[in-house]
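Read through the structure below, which is laid out as structure tokens, and then see the notes.
The values are calculated or read from the model by the stated rules, or taken from the named source; none is laboratory data. Being a predicted model, the structure only gives us computed values, none of them experimental. Glycine gets a Cβ as well: all are built from the backbone with ideal geometry, and neighbour counts include every protein chain shown. Keep in mind that these areas ignore ligands, DNA and RNA; they rest on the heavy atoms of the full protein, side chains included. Shrake-Rupley method; radii C 1.70, N 1.55, O 1.52, S 1.80 Å.
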Amino acid sequence: MTAYPTVKMLIGGEWIADGGAGAMPVINPATEEILGQCPKASTEQLDAALAAADEGFAVWSNMTGIERYNILRRGAQILRERAPEIARVITAEMGKPNAQAQPEVVVSGDVIDFLAEEAKRQGGRLVPPRSANLLSQMVTHEPVGPSVLLTPWNFPVNLAARKLGGALAAGCSVILKPAEDTPASAQLLVECLVEGGLPDGVINCVYGDPGPVSEYLIASPITRKISFTGSTAVGKHLGALAAQGMKRFTPELGGHAPVIVGESADFDRTVAACVAGKFRNAGQVCVSPTRFVVARGIFDKFVAEFANLSAKVSVGDAGVDPSVGMGPLAHDRRITAMQAVLDDLDGGPNGEIVTGGSAIEGSGYFFQPTVVANPSPTSRLMTQEPFGPIAGIVPYDTVEDAVQIANSLRYGLAAYAFTGSLDESHYLGRKLRAGMVAINHFAVSSPETPFGGVGDSGFGSESGVEGYLGYTETKLITVAKSAP
Ligand code: NAD
């Protein structure tokens, strides 16, 4: 067993366990036991972190891309080496099985590697001048400045790594504010990057009540960019605050991903993939498949097999039983949220629970894998992101109808389809309104490809080249002859 680490903030190179504004307990969601205490930063500590980030930016942004690459690459390697230990902390803090936590850590190292390499590649471009008097027109990418990174609990290492990798590779200093539910997972990532050789002040990490802390950091004149992953409602609020200071803002928000299943899809493989995708991380994934839109000819068979496989998903404390397929929800608020989604159904025209449907009694925030057939298009399940282990399944008659159902919400993060038809693959790839469309699989996240949404799911991308450029500002430098 990995001992739960003492949770500490990092400010200007100093690790600090005492929060000036007190502390809050960190709970193991599988047992409801207190793992440790998370310090809450005082205003003075936030000011110190801002001042450190300001000084860190002056140092870090003056280093060459290859110097930044070398340091980040070392940090990424240390992260991969510590993956087993860090994965155990992720499982303790938010409940996901080791088989999901350990790859999360390893791929986070790969994300940082890829973004660090962009520091060697993104040199800008030369534009041919219109006039012979002009010697050069250079377009450069300069680091935006000190960045505030606000990350959630569902992928506590990976979502922080995407933001840290892009910001640090581009030459920005950072203040990371991880979710209060999973502080140690993020802290261990920060430790690895510090060990890799980041100068003091370049990376700072604070905790506290998310609203007041975020608002204070966003309002500071030192902060030049904010990146947030979380709910649409909070994202809109923080975006409005960022706009007041005309600061760059990247929101990666909620989703309600549709999955269109056509009659030509390989049935067995598709249902198995849909169940595995739905209950990964107990459905607490922004790109989780949620609204299954299935061709009427295979609808009944699909519902029956989906429910059959869902009922076989083993639910339990993944920290003690490695065979567990789905852990608890991250905190008790998610249980309340699941119940609210199901209370909205009426067992008739508004949807029928085919399997699951309730919290599991005993300690821990466990909920049954739940399948609902025929929820109405206006039900809470089909209109609001459930962010938990509930799937809604509805039939469609034509592929155009399926696209209309899929595109009917303001969310637009991920969309999926399963089909054996090449024509349909291309049609759906073009017509589905989402930042990411995957046909015949569910993998929309890799270090090399952009991850982001449209509409109420946010804007901008993380990972890929875009994940680096999002922390840069475009500048034109043009030079004319000094004399005719
Ligand atoms: P929540 O809104 O209480 O918290 C979600 C996250 O947002 C946490 O990390 C929290 O620290 C942060 N947060 C909350 N209020 C904030 C504020 N005023 N300012 C800055 N940050 C704030 O909800 P929850 O029950 O913990 O999570 C469920 C909801 O959050 C879901 O509906 C989902 O949309 C969203 N969420 C999304 C992602 C994602 O990957 N996009 C991840 C986690 C949570």
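Would you check if there is a residue in the range 425-433 being among the hydrophobic types (A, V, I, L, M, F, W, C), closer than 25 Å to Gly357 by Cβ and part of a helix (DSSP H, G or I)?
First, the residues of the range 425-433 that are among the hydrophobic types (A, V, I, L, M, F, W, C): 428, 432.
Still in the list and also closer than 25 Å to Gly357 by Cβ: none.
No, because not a single residue in the range 425-433 is among the hydrophobic types (A, V, I, L, M, F, W, C), closer than 25 Å to Gly357 by Cβ and part of a helix (DSSP H, G or I).
Considering only the range 1-23, state which residues are part of a strand (DSSP E or B) and open to solvent by 30 Å² or more (accessible area, probe 1.4 Å). First the steps, then the outcome.
Filtering the range 1-23 down to residues part of a strand (DSSP E or B) leaves 9-11, 14-16, 23.
Passing the criteria: Glu14, Trp15, Ile16, Ala23.
Hey, can you tell me all the residues within the range 212-248 that are away from the ligand (no atom under 12 Å from the Cβ), in contact with a strand residue (DSSP E or B) (Cβ under 8 Å, 6 or more places away or on another chain) and not aliphatic (A, V, I, L, M)?
Initially, the range 212-248 is screened for residues away from the ligand (no atom under 12 Å from the Cβ), giving 219-225, 243-248.
Applying the additional criterion that residues be in contact with a strand residue (DSSP E or B) (Cβ under 8 Å, 6 or more places away or on another chain) yields 223-225, 243, 247-248.
Scanning the range 212-248 gives Thr223, Arg224, Lys225, Lys247, Arg248.
Among the residues that make up the range 228-243, is at least one of them of a type in the set (Gly, Ala, Ser), touching a Leu at 6+ places or on another chain (Cβ under 7 Å) and in a helix (DSSP H, G or I)?
yes
Using the structure shown, decide if Ala179 is within 15 Å of the ligand (Cβ to nearest atom) and of a type in the set (Gly, Ala, Ser).
Details: within 15 Å of the ligand (Cβ to nearest atom): yes; of a type in the set (Gly, Ala, Ser): yes.
For Ala179, the condition - within 15 Å of the ligand (Cβ to nearest atom) and of a type in the set (Gly, Ala, Ser) - is met.
So, in the range 434-484, exactly how many residues are within 18 Å of Ser108 (Cα to Cα), acidic (Asp, Glu) and not in a loop (DSSP other than H, G, I, E, B)?
Count: 2.
Could you say which residue among Val194, Val206, Val202 is surrounded by fewer than 24 Cβ atoms within 10 Å (Cβ to Cβ) and more than 10 Å from the ligand (Cβ to nearest atom)?
Numbers: Val206 fails: surrounded by fewer than 24 Cβ atoms within 10 Å (Cβ to Cβ); Val202 fails: surrounded by fewer than 24 Cβ atoms within 10 Å (Cβ to Cβ).
Of Val194, Val206, Val202, the one residue that is surrounded by fewer than 24 Cβ atoms within 10 Å (Cβ to Cβ) and more than 10 Å from the ligand (Cβ to nearest atom) is Val194.
Rundown of residues vs (1) in a strand (DSSP E or B); (2) within 16 Å of the ligand (Cβ to nearest atom); (3) surrounded by fewer than 20 Cβ atoms within 10 Å (Cβ to Cβ); (4) of a type outside the set (S, T, N, Q), yes/no style:
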{"position": "Phe387", "(1), (2), (3), (4)": "no, yes, no, yes"}
{"position": "Val394", "(1), (2), (3), (4)": "yes, no, no, yes"}
{"position": "Asp401", "(1), (2), (3), (4)": "no, no, yes, yes"}
{"position": "Gln404", "(1), (2), (3), (4)": "no, no, yes, no"}
{"position": "Ser408", "(1), (2), (3), (4)": "no, no, yes, no"}
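Name the residue, out of Thr223, Thr250, that is among the hydroxyl-bearing types (Ser, Thr, Tyr), at pLDDT 95 or above and open to solvent by less than 10 Å² (accessible area, probe 1.4 Å).
Of the residues listed, the single one that is among the hydroxyl-bearing types (Ser, Thr, Tyr), at pLDDT 95 or above and open to solvent by less than 10 Å² (accessible area, probe 1.4 Å) is Thr223.
Just checking, how many residues over the range 366-380 are surrounded by fewer than 24 Cβ atoms within 10 Å (Cβ to Cβ) and in contact (Cβ under 8 Å) with a residue 12 or more places away in the chain? Steps first, answer last, please.
Step one: of the range 366-380, the residues surrounded by fewer than 24 Cβ atoms within 10 Å (Cβ to Cβ) are 366, 368, 373-374, 376-380.
Cutting the leftovers down to in contact (Cβ under 8 Å) with a residue 12 or more places away in the chain gives us 366, 368, 373-374, 376-377, 379-380.
Summing the residues that are surrounded by fewer than 24 Cβ atoms within 10 Å (Cβ to Cβ) and in contact (Cβ under 8 Å) with a residue 12 or more places away in the chain in the range 366-380 gives 8.
Rundown of residues vs (1) surrounded by 15 or more Cβ atoms within 10 Å (Cβ to Cβ); (2) over 23 Å from the mean Cα position of the chain (by Cα); (3) part of a helix (DSSP H, G or I), yes/no style:
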| site | (1), (2), (3) |
| --- | --- |
| Gln37 | yes, yes, no |
| Phe57 | yes, yes, yes |
| Met63 | yes, yes, no |
| Asn70 | yes, yes, yes |
| Ile78 | yes, no, yes |
| Ile86 | yes, no, yes |
| Ser108 | yes, no, yes |
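Can you name the condition, by its number, that Ser147 falls short on among (1) in contact with a strand residue (DSSP E or B) (Cβ under 7 Å, 6 or more places away or on another chain); (2) under 30 Å from Ala3 (Cα atoms); (3) within 16 Å of the ligand (Cβ to nearest atom)?
(2)
Can you go through Pro146, Pro129 and tell me which one is within 17 Å of Arg248 (Cβ to Cβ) and of a type outside the set (Lys, Arg)?
Numbers: Pro129 fails: within 17 Å of Arg248 (Cβ to Cβ).
Being within 17 Å of Arg248 (Cβ to Cβ) and of a type outside the set (Lys, Arg) holds for just one of Pro146, Pro129, which is Pro146.
Every residue, every condition in (1) touching a residue at least 24 places away in the same chain (Cβ under 8 Å); (2) over 28 Å from Gln37 (Cβ atoms), yes or no:
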{"site": "Leu159", "(1), (2)": "yes, no"}
{"site": "Glu191", "(1), (2)": "no, no"}
{"site": "Ile203", "(1), (2)": "yes, no"}
{"site": "Tyr216", "(1), (2)": "yes, no"}
{"site": "Thr229", "(1), (2)": "yes, no"}
{"site": "Pro251", "(1), (2)": "yes, yes"}
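Determine, yes or no, whether Thr31 is in contact with a Ser or Thr (Cβ under 8 Å, 6 or more places away or on another chain) and assigned to a loop (DSSP other than H, G, I, E, B).
yes
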